[in-house]
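The structure appears below as structure tokens.
We did not get these values from a lab; they are worked out from the coordinates using the rules stated. If you're wondering where the values come from, they're calculated on a predicted model, not measured in any experiment. Every residue, glycine as well, gets a Cβ built from its backbone with ideal geometry; the counts of neighbours run over all protein chains shown.
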Amino acid sequence: MDVSTEEGPVASGGRRVWLSVPDLGCPGAIVVSVWLVPEGAVVREGDRVVELVCGAATIDLEAPVDGRLTAQLVDEDETVFTGTPLATFEVAT
């Protein structure tokens, strides 16, 4: 699954990566079901971080990088759309 990410610098000298809702081809609403890791958690690329619900399907999104989940930008049970930023990750260099 192609996960939308954007990058930018952070004060620590590392970089910040944004995780956004990919195009799931869902005809209805997409809902953030549950965050699987808390803010501040260290994650590895590929770790499941958030669960989305699209109709009857449940989709887990994975961390796009090794780093720390610095912010959850939407709450559980919130409706989101393709391209909605969900989280930021800080990657140390």
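For residue 49, the residues 5 or more places off, or on other chains, whose built amide H falls under 5 Å of its own are 61, 62, 63. Restricting the calculation to Cα atoms, region 11-82 yields a radius of gyration followed by a Dmax of 12.7, 42 Å. Protection proxy ranking, highest mean first, for peptides 46-54, 27-35: 46-54, 27-35, where packing is the per-residue count of other beta-carbon atoms within 10 Å, averaged. For a Förster distance of 25 Å, can you work out the FRET efficiency between the beta-carbons of residue 84 and residue 44, rounded to the nearest 0.05? According to the calculation, E is roughly 0.55.
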